[in-house]
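Below is one structure; the comments refer to it alone.
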Amino acid sequence: MLRFVAPLVLLLTSGCAWTVDSVDIRRPSTPVVAVPGADRIMVTVTTSDARQEREISHKKNGYGMRGADIIASNDVVAEVREGIVEILREQGFRDGPGGATIRVELSRFYSTFDTGFWSATANAQVTASVTVVAADGRNLYARVFNGNYQLPNVQIMNGSNAANALRPALGGLLRQIADDPQLTRALLQAVPDVEPPSRRNLRS
């Protein structure tokens, strides 16, 4: 029976392996809470693309052979930036020059298909370095964030399944950025007369 089933699975998973696929990658929403004092801080977010692969994945056939490119139909670097800007806005920071500058460098936005006997797993990774610089040039913060997601039981290694893994990986990256208290403190320190919440709490 396996002699007949296995070739059928391979045929179904490799039918369009040599045709370029284009998919839309949009960020999920990232709920946050307001930050006291954030409304006094202006923040500018800049982004750069340092990825080695400008594709977001590659198709594979049923034998695990690499096939055609999978590309994003939208600008994923801009999507990362807009996600961070949205987080900051919801926290209460104001968008504009004169306060802190957040520099975001996207180094990876890719999903790899790892093949198994009956199915594959889409392993997605979104990696970005984030630095904060005050208006006077002080370096206030630096960290590398990684959003990872595994999508198991993939039968067709195509753009749709690559996107289904990359969206939650991007969401995980933005969630980490939103939840990092050190990033919040760095932004508040961009203007010296605005104290971080932790210091105010110690005094009260």
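The values are calculated or read from the model by the stated rules, or taken from the named source; none is laboratory data. For clarity, every value in this text was computed on a predicted model and none was experimentally measured. Using ideal geometry, Cβ is built from the backbone for each residue, glycine included, and neighbour counts are taken over all protein chains shown.
Only one of these is in contact (Cβ under 8 Å) with a residue 40 or more places away in the chain, outside any loop (DSSP other than H, G, I, E, B) and either surrounded by 19 or more Cβ atoms within 10 Å (Cβ to Cβ) or in contact with a helix residue (DSSP H, G or I) (Cβ under 6 Å, 6 or more places away or on another chain) (or both): ALA190, ALA122. Name it. Please lay out each step first, then the result.
Details: ALA190 fails: outside any loop (DSSP other than H, G, I, E, B).
Checking each option against the conditions leaves just ALA122.
Where residues in segment 109-118 are in contact (Cβ under 8 Å) with a residue 40 or more places away in the chain and farther than 17 Å from VAL23 by Cβ, which of them is surrounded by the fewest Cβ atoms within 10 Å (Cβ to Cβ)? The residue in question is TRP118.
Just so you know, in segment 73-96 the residues that are at pLDDT 95 or above, surrounded by fewer than 19 Cβ atoms within 10 Å (Cβ to Cβ) and among the acidic types (Asp, Glu) include one that is farthest from THR47 (Cα to Cα), and it is GLU90. Residues in segment 174-187 that are under 15 Å from ALA142 (Cα atoms), in contact with a strand residue (DSSP E or B) (Cβ under 9 Å, 6 or more places away or on another chain) and surrounded by 20 or more Cβ atoms within 10 Å (Cβ to Cβ): 4 in all.
Residues in segment 152-166 that are surrounded by fewer than 21 Cβ atoms within 10 Å (Cβ to Cβ), touching a residue at least 40 places away in the same chain (Cβ under 8 Å) and either touching a Phe, Trp or Tyr at 6+ places or on another chain (Cβ under 7 Å) or not in a loop (DSSP other than H, G, I, E, B) (or both): SER160, ASN164. Scanning segment 125-141 for residues that are buried (at least 17 other Cβ atoms within 10 Å of the Cβ) and more than 15 Å from VAL80 (Cβ to Cβ) turns up VAL132, VAL133, ALA134, LEU140, TYR141. For segment 134-169, a residue qualifies if it is under 21 Å from the mean Cα position of the chain (by Cα) and closer than 30 Å to ALA190 by Cα, and the qualifying residues are TYR141, ALA142, ARG143, VAL144, PHE145, ASN146, GLY147, ALA169.
Specify the residue that is farthest from GLY92 (Cα to Cα); the eligible residues are those in segment 19-35 that are of a type outside the set (Asp, Glu) and surrounded by 16 or more Cβ atoms within 10 Å (Cβ to Cβ). My answer is VAL23. Is it the case, given these coordinates, that VAL144 is surrounded by fewer than 19 Cβ atoms within 10 Å (Cβ to Cβ), touching a residue at least 12 places away in the same chain (Cβ under 8 Å) and either closer than 25 Å to ASP39 by Cα or β-branched (Val, Ile, Thr) (or both)? It is true that VAL144 is surrounded by fewer than 19 Cβ atoms within 10 Å (Cβ to Cβ), touching a residue at least 12 places away in the same chain (Cβ under 8 Å) and either closer than 25 Å to ASP39 by Cα or β-branched (Val, Ile, Thr) (or both). Exactly one residue out of GLY98, GLY83, GLY92 is in contact (Cβ under 8 Å) with a residue 40 or more places away in the chain and either among the aromatic types (Phe, Trp, Tyr) or touching a Leu at 6+ places or on another chain (Cβ under 8 Å) (or both): that is GLY83.
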